[in-house]
1. Can you sort B:Val283, A:Val180 by solvent-accessible area, 1.4 Å probe, largest first?
2. Please work out the average accessible area per residue across the protein assembly as shown, using the 1.4 Å probe convention, and give it in Å².
3. What distance in nm separates the two pseudo spin-label positions at B:Leu36 and B:Lys424, each 7 Å out from Cα along the beta-carbon direction?
4. Let me know the charge dipole size of the protein assembly as shown about its Cα centre in debye, to the nearest 20, where only the beta-carbon of Lys, Arg (+1) and Asp, Glu (-1) is charged.
5. If you place +1 on the Cβ of every Lys and Arg, -1 on the Cβ of every Asp and Glu, and leave all else neutral, what size is the dipole of the stretch B:289-439 about its Cα centre, to the nearest 20 Debye?
6. Anything over 30 Å Cα to Cα? Flag those among A:Lys218/B:Lys431; B:Lys111/B:Lys171; A:Lys226/B:Lys431; A:Lys12/A:Lys299; B:Lys72/B:Lys148; A:Lys98/B:Lys84, in the order listed.
7. Using the Kirkwood radius over Cα pairs, work out the Stokes-Einstein diffusion coefficient for the protein assembly as shown at 37 °C and 0.692 mPa s, in µm²/s as a whole number.
8. Go through the stretch A:146-157 residue by residue and turn each phi into a ³J(HN,Hα) via Karplus (6.51, -1.76, 1.60, θ = phi - 60°); whole Hz please, and just put x for glycine and proline.
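The values are calculated or read from the model by the stated rules, or taken from the named source; none is laboratory data. On a predicted model such as this, the values are computed, not experimentally measured, just so you know. For neighbour counting, all protein chains shown are included, and Cβ atoms are generated from backbone atoms with ideal geometry for every residue, glycine included. Areas reflect the complete protein model, heavy atoms only, side chains present, ligands, DNA and RNA absent. Shrake-Rupley method; radii C 1.70, N 1.55, O 1.52, S 1.80 Å.
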Amino acid sequence: MKFNKIFTLPLKYLFIGIASMLALAIIFVCCFGFNTSVEFGGGSQIKIDVTEVVDQSATLKKASAVLSANKLSVENTFVEDNGTQTYLVFRVTDKNIKNTDAIKSELSARCGVSAESIIGFDAVNYTTESSTVLLFGLGFVALIVVVFFAGWARYKLTGALTLTLATFVDFMLYLSIVAVLRIRISSATLISLVSSVVLTTMAIVAVLENVRGSKKLKQYENYSNKDMVVHFAQKEFLPFAVICGVVAVFGVLCLFIPNAYVQTFDFSLIFSAIIALFVSMILGPAFYVYALDVGDSRKQAKLNKNKQK
Amino acid sequence: MKPRKRKMTLFLTILMSVVIGLALILTFIPMHIGTLNYLSFAGNLQYANDLKGGMYAQYQFKNGTSAEDIEKTVSEIRSVLSEKGYYSPFVAQVGNGVRIEIGNTTTHDYKGTDKLLDAIDVGLFELRTGTEESKKFIDGREHITDVKLGSSGSQTYVQISFNEEGLVKYKETMNSSVTVYVYMGGNLQTSFAGSSAVYDDMYLTFANYAEAEDFAMKVKLGSFIPVDFNTEETRINTMSSPYSTASLTADVNSGAYGKSNVFVGMTIVMSFLVVLAMALAIVRYRAIGVANLLSMALSTCVAIFLMQALPWIELSISSLFVMLLGFVIMFYGAYAYASNVQSEFHEGKTLTASLESGYKKSLLPNTFVLVAGLVVAVLFAFFGSGAIRTGAIISLIFMLASAFNNLCLLPWFVGIYYGYNNNKPAYYGLKGGNKNEIQ
């Protein structure tokens, strides 16, 4: 029975927690802004001439260490040919780097190349078109509208409000965590966001559908709204938790892949799974019970009014 | 759900085995049959440069280029690359220039990619009546509004449209006594005898389609890119994948070129998790788990076939993430089906009734997500560009594959097995419930 309480935690405390998270995120964004990848916010590019270098992997490791020590965040590295020369190219998310001469000297010393071999710190502009952010916002609004009206058609206003709230809270909570934990915003983080929203919607629809389908069954006629919702949330919990678990395991395993962009995706994927689980299995059922109770009490009040008349 | 006759069940089993076998072979196994080199569907997928390496080009602006012109240049280059089949290029201002990074085609057509990148700094398109600059009568950037390719009979032509000012100059200048000189970037490209301007647009005919296409692309680049590049500082060459820490080579002749340990690592992890989830499903739901394995194998083949057949798809690292999302949705839908069947059985229904009502209960969550996802994906596919559009199309493909899997294939395969066993719920992983199967 104690486990059942997870599905109907007091809504007041849940909303206080979510609101606190959002407030913290707003403060972080106002103070520090969002942490962006090169794709979204631009960065800088550093080239090292490795034509004469025998072990390019070792040079890559040394150079990466120097850049990390100088608090530069390397997003990706690659090799390019340029006629008779070969360059190791580092792309970092930092812009307007100040101590470039010191970094060049350190790179030269550590990598065993001349200072002239370091061609550095060209500004890289972002590659995402400005319409993309607008499109993303529009896409989310379209999703909310579709979810609301489809939910209303099938599950009445209570179901529609639950679905819409869950989708909205999932979206905002994810962005809050991205802001607070300074997870880099890239197309990968946005894909994790979409994963979270889709999973949440699927799970809540499964619970609503079960509640809707079982309301008229004899075996549930003595169940209160709370009992019904808890019963079906419990039923949906295990398969959903398995899916979220698999997603989180993927994220954890890929953390071992030595690439910052992939690791960013992994972190965001783990959080997207946790948020989806929280919103669909804790917030969603709690709000649905509340909405059903409010709906029932309004119906009762109307009936009483009619009786008096 | 009526059990099929044994013969029909056997026939369907053999048929589906052949279909799945063929699908897996065509999807994953490349073959050499005589002179025919079949790459397989998976082998025919096009990759962006971030997964398999490719080519880069760096162009330097001449001094005095405005920010507005730079933005327009980047946008125009993206548009041209998209027309040429490069849907997820890296195009951005780097330092005082523009940098482009694109993947190679599946046939490693480096020369073709090189030619395309070389054409980008072709320079201003001009039409002159003499070799001096003062004889210019058409300036691509000021007078040209559109460039199209067309064919009439066996001839291919390039159609150039002008704005009002350009049209006036074109009509005033063109007559049969004039020789027209075509200049690009200040260099003479060709010349031809003029004729009177009968139409508002200029039509230039070519011997073959390739020449016409090449010329049209250069006229576009020379007219719609508003900046001049310092051609002496242009660099075009090969690069390795930015998502590889092992194959640090841009040498296309090297065996390590184009290999990405990050891509391999992610594919291995994804495959491992898919296999793990399948194994869990088989252990837990037995026949339903096996049916899920078969249906997902077929759905995956269909998804890969569509990805290689549709022209807008260039796999990048973010596409892999979208594919993961697609698999997750597919799995969840299948799990929803199996757990609904289980819960119906727990509530006392027979095996047959549980399979039927479990399927009906899982219909709606799958359909709901499909519809909502389709609306958003179509919106992004239509109005997005580059990696966003590619991601939207891939998610569309996987959503359709997921719906196909969970609404058609999975129940179909369960139905085939039902023909062999319609009275032993334990074989479906169903415990407790009504053990008396009434037919």
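1. B:Val283, A:Val180
2. 45
3. 4.3
4. Value, rounded to 20: 5200 debye.
5. 180
6. Listed pairs above 30 Å: B:Lys111/B:Lys171; A:Lys98/B:Lys84.
7. Once the numbers are plugged in, D ends up at 112 µm²/s.
8. 4, 4, 5, 6, 5, x, 5, 4, 9, 10, 6, 5
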